[in-house]
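Structure record follows, encoded as C-alpha cells.
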Amino acid sequence: MAVAELDFLDTRGLNEDQRSEIEGMRRSERLERIAELENRELSDLIADLSQHTGLPIAAPESFDLDRLNSIPLRILHEFHCVPIKTEEADETLSLATGWPIDSIMDDWVYATCGQRPVWQLANPDRISKFITQNLGVGAESLDESFDIDDDLIVADTEEEEDEDAAIIRFVNEVFHQAVEDGATDIHFEPMEEELRIRYRIDGLLVSVPVPDNLRKYQDAIVSRLKIMAKLNISERRLPQDGRINLKMGETTLDIRLSTMPVMYGESISLRLLNKKSAPLSLQQLGMSDEDQQKIDRVLGLPHGIILVTGPTGSGKSTSLNAFIRKINSEDKRIITVEDPIEYEVPGVNQIQVKTEIGFGFAEALRHVLRQDPNVIMVGEIRDRETADIAVRASLTGHLVFSTLHTNDAPGAITRLTDMGIEPFLIASGVEMVIAQRLLRRLCQDCSEMKPLDRFTGLDALKVLDMPESALEEVGEMPVAVGCERCRNLGYRGRIGIYEILRVSEELHDPIVNREAAPLMREIGRKGGMVTLGESGWNLALKRLTTLEEVVRTISIKEG
C-alpha cells in the first residue's frame with residue numbers, strides 16, 4: 001500500500017483488524033467502510049481526505065463523459081477514477097478518485113494516456129455510478145485492452161489473462177451490483193443483437209447498462225451460471241432449475257435459478273434471497289398503529305387461521321415472518337413449512353419442502369401436526385389438501401398462518417370455498433384475512449406537490465373504489481420527479497398498503513350461505529375495514545407515495 005494511503009489510515013485510529021480489512025477492500029469501498037467504523041458522514045470524511053492530501057474536491061457535475069472512453073477501463077476501475085472537465089481539456093488530463101493517489105497511479109496513467117494527470121477527489125459512490133451507467137456493469141472484467149502488472153496492483157494476473165476468470169469476475173460483478181441496487185431478481189435475456197440484463201428493483205424491471213461486447217460472451221456467461229447452480233451445461237433444449245449459494249463479503253445470497261430456451265439462446269432468471277438481510281417489523285412494513293392493534297388482538301388468540309393474500313411479490317412472506325417474530329417466545333412451539341426459507345428465525349423450527357421427493361406442503365403439514373406445535377406457518381396454500389389440513393388444524397387448538405393468491409381480503413373466503421373447503425369450517429376457523437400490496441415509496445429528496453386535475457382524480461377514485469367526495473378537500477398531490485439518489489425514478493424503497501378483514505359474527509351466515517365476495521366486502525366496510533384503495537389514498541395524502549403509483553399497484557390483478 002502506498003505512503004499516502006498509509007498516512008491517511010494512520011490518522012484514523014483504527015485497530016489492526018480494521019486496518020487489515022480496509023487494506024483488503026476495493027478502493028471504491030474503503031472510504032465508506034471507514035465512515036461506517038467512525039459513524040461519520042461520507043462527505044465529512046472526504047473533506048478530511050482533501051485536507052490531508054491537499055487535493056480539491058470535484059463535484060459529480062464536472063465528470064467528463066466525452067473523455068471517459070479515452071481512458072482504459074482497467075485504469076478507471078483499478079484506480080477508481082474518472083476524467084473531469086477543465087478549461088484546458090486538450091492539454092490537461094484531470095482525474096477524480098475516491099482514495100489517495102500515489103506515484104504508481106501517475107506512472108500508469110502517463111504510460112497509457114500520454115499525459116501526467118492532475119488529481120482531485122470525489123465521492124466514491126458517485127464515481128462508481130458514473131462508470132457503471134456509461135460503460136456498463138462489469139465492463140472492466142471483459143476489457144480486452146491490457147493488464148496492469150500485479151506488482152503494482154493486488155491482482156492475480158494468471159486469472160486476468162484467462163477468459164474463464166474474466167467471465168467469473170463479470171458474473172460476480174453483476175451480483176454485486178444487484179445487491180447494491182437492492183434488486184430481488186436478475187434476468188439475462190438474449191436478443192438478436194445483444195444480451196440484455198435487467199434487475200427487478202422495488203417491483204419494477206430496470207435495464208442494466210452493459211458493455212458493448214457482452215453479446216460475444218453470452219454462451220460463456222450462461223455456462224458459468226449453470227456451473228454455479230450445478231446444472232448440465234450441455235443441455236440447451238430443455239428448461240432447468242437450480243440453486244446457488246453465494247457469499248459476497250457480509251452478504252450471503254440464496255439464489256434460485258431458472259433457464260428457458262428462447263429464440264436467441266437461453267434466458268436465465270435468478271431470484272435473490274439475502275440471508276443476512278434484517279427482517280422487517282410490522283411498523284417498518286408501513287402498517288398504521290390502528291392496523292397493528294387489530295392484528296395484535298388476533299395474534300394473541302390460542303387458535304384460528306390468519307390468511308395473507310395478494311399477487312406474487314406483494315410481501316406476503318415478509319408479513320408472515322413479522323407475525324412469527326412478534327409472537328415468538330419460550331412458551332410457544334412454532335413450526336414453519338416454507339418454500340424457500342427466506343428468513344432464519346431463532347427459536348423457530350423451520351422446514352424446507354422438497355416437492356421433487358414428494359415432500360410438499362400437505363405432506364409436511366400432516367407430520368407437523370404430530371410435533372405438538374402451538375403455532376404453524378404454512379408458506380402457501382396451493383391445493384385443496386393443504387387448505388383442508390390448515391383449516392382443520394386451526395379448529396383443533398392451533399394458530400395457523402398462511403398465504404393465498406387473491407386480489408382482496410373477501411376474495412380469500414370465496415377462494416377457499418372454490419377449493420372445496422366446507423363453508424362452515426371456513427366460518428369457524430378463519431379469524432382474519434389481510435390483503436396487501438407493496439407500493440414504491442416516494443423519494444423525499446426530489447418529490448414535488450402539484451395541483452390535482454379533477455378528471456385525473458375522478459378516474460383514480462373509480463379504480464380505488466372510492467366516492468367522488470374524497471376530492472373535495474384535496475387541492476394538491478405529490479408527484480415523482482427523480483434525482484441521483486433515487487436513480488432518477490422518483491421513488492426509493494417500498495411501503496405496504498393493507499386491507500384487513502376480521503371474520504366477525506356478521507360474516508358467519510354469508511360465508512355459510514356461500515355469498516359472493518362483494519357482499520362480504522360491504523359487511524367488512526361497515527365493520528371498519530379500510531380497503532386497499534383507501535389505504536393507498538391515505539398514503540398519497542401523507543406524501544409517502546403518489547396517486548399514480550397507487551392506481552398502478554391496485555390495478556395489478558392476480559390471475
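The values are calculated or read from the model by the stated rules, or taken from the named source; none is laboratory data. The structure presented is a predicted model; accordingly, all values stated were derived computationally and were not measured. Glycine gets a Cβ as well: all are built from the backbone with ideal geometry, and neighbour counts include every protein chain shown. Just the protein is used for accessible areas: all its heavy atoms, side chains included, with ligands, DNA and RNA removed. Shrake-Rupley method; radii C 1.70, N 1.55, O 1.52, S 1.80 Å.
Assorted remarks:
- In this label model, Lys85 and Met263 are separated by 4.1 nm, measuring between points 7 Å along each Cα→Cβ vector.
- Taking the accessible area of the range 430-503, probe 1.4 Å, and keeping the other protein chains in place, the carbon and sulfur fraction comes to 46%.
- Once the Cβ-Cβ distance of Thr251 and Arg333 is raised to the sixth power relative to R0 = 30 Å, the FRET efficiency obtained is 0.40.
- In the context of the full set of protein chains, the chain has a per residue accessible area of 48 Å² (1.4 Å probe).
- Stokes-Einstein D in µm²/s, Kirkwood radius over Cα pairs - the range 1-138 at 4 °C with 1.567 mPa s viscosity: 84
- Alpha carbon centroid spacing (whole Å) that separates the range 351-413 from the range 286-311: 17
- Based on C-alpha pairs under 8 angstrom that are at least 6 apart in sequence, the chain has a relative contact order of 9 percent.
- Residue-by-residue Karplus 3J(HN,Hα) for the range 115-126, coefficients 6.51, -1.76, 1.60, Hz, glycine and proline x: 9, 7, x, 10, 9, 9, 10, 7, 4, x, 5, 5
- For Asp339, Asp291, Asp418, the ranking by accessible surface with the largest value first comes to Asp418, Asp339, Asp291, using a 1.4 Å probe.
- Considering only the range 291-431, percent of DSSP beta bridges that pair antiparallel, nearest 5: 5
- What a 1.4 Å probe finds exposed on the range 1-74 is 43% carbon and sulfur by accessible area, rounded to a whole percent.
- For the range 390-397, 3J(HN,Hα) per residue [Karplus equation, 6.51 cos²θ - 1.76 cosθ + 1.60, θ = phi - 60°, Hz, x = Gly/Pro]: 5, 5, 5, 5, 5, 8, 10, x
- For a label point 7 Å along the Cα-to-beta-carbon line of Val481, residues of the range 436-455 with backbone N under 20 Å: 440-453
- Placed amide H near His398: partners under 5 Å, 5+ positions off or other chain: Gly304
- Virtual paramagnetic centre 7 Å along Cα→Cβ of Leu369, amide N under 19 Å, in the range 328-343: 333-338
- Length gained on full extension, Glu506 to Glu192: 107.1 nm, using 0.36 nm per residue less the C-alpha separation.
- Ser103 - accessible surface, heavy atoms, 1.4 Å probe, Å² rounded to 10: 80
- The chain: proportion of alpha-carbon pairs further apart than 33 angstrom, %: 54
- The simple spin-label model puts a point 7 Å past each Cα toward its Cβ; for Asp241 and Ile357 those points are separated by 1.6 nm.
- The phi-based Karplus calculation (6.51 cos²θ - 1.76 cosθ + 1.60; θ = phi - 60°) puts the 3J(HN,Hα) values of the range 81-86 at 9, 9, x, 10, 6, 9 Hz, whole numbers, x for Gly and Pro.
- A simple spin-label model places the labels of Lys216 and Leu458 6.0 nm from each other, with each point 7 Å out along Cα-to-Cβ.
- Heavy-atom accessible surface of the range 158-310: percent carbon and sulfur, 1.4 Å: 47
- Amide H contacts under 5 Å for Thr309: Leu404, Ile434, Ala435, Gln436, restricted to partners 5 or more places along the chain or on a different chain, H placed in the peptide plane at 1.01 Å from N.
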